[in-house]
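Everything on this sheet refers to the single structure shown next.
Read-outs: derived from the displayed coordinates by stated rules, not from any lab. Everything numeric in this text was worked out from a predicted model, so none of it was measured. Heads up, the Cβs are rebuilt from the backbone with ideal geometry, glycines too, and the neighbour counts pull from every protein chain shown.
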Amino acid sequence: QVQLVESGGGLVQPGGSLRLSCVASGTFFNIIGMGWYRQAPGKQRELVASVNRGGAIDYAESVKGRFTISRITGKATVYLQMDNLEPEDTALYSCNAKGYESLSGPHFDAWGRGTQVTVSS
């Protein structure tokens, strides 16, 4: 079973920065991708940023140029550096990891509990 633990959320003023961390632990064969999603009250969950095993990165249009995702492959860790934060970025940010539990499967799709990010003056 794979567990994800996020940290780094909090309250920040508009224009400020936060860095989120996510560490995967447990028993698994590999991780093929990790990413960050967010859900604001009354809205659907949306992809913020993701990075796959090959290093390909994808960002939501709304965060391009402001957020940076990075990873430490050997430590199953992913970070999200968030700069120039806006009130619209306020949401619960959750980490996601996909991979395989063993060489022959099964596939897993794990989620963390989330960390709250609030951008307000």
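I'd like to verify a number: residues in segment 48-70 that are under 18 Å from LEU85 (Cβ atoms), among the aliphatic types (A, V, I, L, M) and either touching a residue at least 40 places away in the same chain (Cβ under 8 Å) or assigned to a strand (DSSP E or B) (or both), how many?
Total meeting the criteria: 3.
Just checking, which of SER104, SER120, SER50 is more than 24 Å from GLY26 (Cα to Cα) and either of a type in the set (Ser, Thr, Tyr) or surrounded by 15 or more Cβ atoms within 10 Å (Cβ to Cβ) (or both)?
None of the others qualify; the one that does is SER120.
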